[in-house]
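The next block holds one structure in the form of structure tokens; read it before the comments.
Read-outs throughout are calculated quantities, based only on the coordinates presented, and are distinct from any laboratory measurement. Everything numeric in this text was worked out from a predicted model, so none of it was measured. FYI the Cβ positions are ideal-geometry reconstructions off the backbone, even for glycines, and counts take in every protein chain you see.
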Amino acid sequence: MDIQKVGVIGCGLMGSGIAQTAAMSGFPTVVREVSQPLLDKGLASIEKSLSKFVEKETVTAEQKAQALARLRPTLSLDDFADCDLVIEAIVENLERKRELFAELDKKVKPGAIFASNTSSLSITEMMTATQRTPRFLGLHFFNPVPIMKLVEVVKTVVTDQSVVETGLDFGRRLGKTPVLTSDRGGFIVNRLLVPYLLDSIRALEEGVGSIEDIDNGMKLGCGHPMGPLTLADFVGLDTTYHIAEILYREYREQRFAPPPLIKRMVLAGMLGRKSGKGFYDYSDPKNPKPNRFLTSNR
Ligand code: 3HC
């Protein structure tokens, strides 16, 4: 199936990145939020990211204007009726996603493909809220979406092979490398990444190294762009905690169990970069310092 028009539901961190990438790749793209202020915030982050590309001269001012012109912001699901592919990127709550897909199923043309950007919830449990189970798959992107080169294409036991092929092809048309995976908690990347992030927190709790030394160990010793504690802050400690809980429930394996420290930090409102404090203090965002509370209370 040839995808021509794309819909993205949710214009938060991931939704805005997906909508931007689709528009930059030439797709007319409808993007929806639940309120005007949230929509404006998402569009502002798209504008900022496109401006970064223009500054770096990877995109011209004209290409930026064309990408913005391909975006159609909306508050209504009615505007998705003629989309060929609708990608959901709302809050990670299974019931909310099921309700959304059930509503979309009535509004969007029957031939369209539905996809979820979920990081850890079951695609199978979402698809059963619709009448189009063979035309349902996961398309899992990585933050920051316009930069990261991967998309996980997630098939369920009933996803039509032609829909899988369309998902893989769509990933390539976005300039990403698609990898094919099956609907198991965490897919490929989070199944491997989350235990690693949790282990770095356990290492910190056990006094194996300081925040900076653990991060430098993996950055300089293994060539990772970010150390694990920086990455946990970047993903969001609430998100990391939430994914770990879901994976722990799915596999009942200790490696997915969130350590007490991350739970306490989330409860205390230390959510990582987005809240200004996590394993690092982002008061000066260009020069984060290890969180003094964690270092002085040990
Ligand atoms: N839009 C446009 N450009 C962006 C951007 C954005 N949103 N974010 C970063 N950039 C650009 C910068 O302008 C810069 O360009 P330059 O190299 O030409 O100067 C370049 O990207 C690098 O950015 P910075 O200099 O600010 O910082 P870094 O060199 O550290 O790169 C990074 C930032 C690309 C985020 C890099 O640190 C990285 O790859 N980190 C790992 C990210 C990662 O692992 N993401 C996956 C998280 S897991 C996930 O998303 C799954 C979910 O389910 C949890």
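Within 10 Å, count the other beta carbons around each residue, average over each peptide in 5-16, 199-210, and list them highest first. Show your work: numbers first, answer last.
On the way: 5-16: 24.4, 199-210: 15.9.
Highest mean packing first, the order is 5-16, 199-210.
How do HIS140, HIS224 rank when sorted from fewest to most other Cβ atoms within 10 Å of their own Cβ?
On the way: HIS140 25, HIS224 15.
Ascending number of Cβ neighbours within 10 Å: HIS224, HIS140.
Would you mind ranking SER122, SER76 by Cβ crowding within 10 Å, fewest neighbours first? Intermediate results must be reported in sequence, preceding the final value.
Values: SER122 19, SER76 9.
Exposure proxy ranking, most exposed first: SER76, SER122.
I need the calculated FRET efficiency for the pair ASP284 and VAL34, taking r as the beta carbon distance and R₀ as 35 Å, to the nearest 0.05. List each step's numbers first, then the result.
Working: r = 33 Å, r/R0 = 0.95.
Calculated transfer efficiency: 0.60.
Could you compute how fast the chain diffuses translationally, taking Rh as the Kirkwood radius over C-alpha pairs and applying Stokes-Einstein at 4 °C with viscosity 1.567 mPa s? Give it in µm² per second. Walk me through the intermediate numbers first.
Working: Rh = 20.1 Å.
Reported coefficient: 65 µm²/s.
Among the trypsin sites (Lys or Arg not before Pro) in segment 54-85, which ones are in a DSSP loop with at most 12 other Cβ atoms within 10 Å of the Cβ? Mind listing them? Write down the numbers at each step before the final one.
Numbers: sites: LYS56, LYS64, ARG70; in loops: LYS56.
Filter output for segment 54-85: LYS56.
Cut-off under 22 Å on the C-alpha distance; same-chain residues fewer than 8 positions from LYS64 excluded. Which lysines are left, in chain and number order?
The reachable lysines, counting only those whose Cα sits under 22 Å from LYS64, are LYS5, LYS41, LYS48, LYS52, LYS56, LYS149, LYS176.
What FRET efficiency comes out for ASP199 versus ARG173 if R0 is 41 angstrom and r is the Cβ-Cβ distance? Round to the nearest 0.05. Can you show the working numbers first?
Details: r = 36 Å, r/R0 = 0.89.
Rounded to the nearest 0.05, the efficiency is 0.65.
Multiply the residue separation of VAL208 and LEU180 by 0.36 nm, subtract the distance between their alpha-carbon atoms, and state the gained length in nm to one decimal.
Working: separation 28, 0.36 × 28 = 10.08 nm, distance 3.63 nm.
Stretched out fully, the VAL208 to LEU180 stretch lengthens by 6.5 nm.
At 222 nm, what value in deg cm²/dmol follows for the chain if DSSP H runs of at least 4 each add -39500 (n - 2.57) and the sum is divided by all its residues, to the nearest 500?
-14500 deg cm²/dmol
Can you put MET148, MET1 in order of Cβ neighbours within 10 angstrom, beginning with the fewest?
Going from sparsest to densest Cβ surroundings: MET148, MET1.
For ALA65 and GLU47 in one chain, what is 0.36 nm times their gap in residues minus the Cα-Cα distance, to one decimal in nm? If you can, show how the numbers build up before the last one.
Working: separation 18, 0.36 × 18 = 6.48 nm, distance 0.96 nm.
Between ALA65 and GLU47, full extension yields an extra 5.5 nm.
Filter the GluC sites (Glu not before Pro) in segment 1-75 down to the DSSP loop ones having no more than 12 other Cβ atoms within 10 Å, then list what survives.
Numbers: sites: GLU33, GLU47, GLU55, GLU57, GLU62; in loops: GLU33, GLU57.
In loop regions of segment 1-75 (DSSP not H, G, I, E or B), the sparsely surrounded GluC sites (Glu not before Pro) are GLU57.
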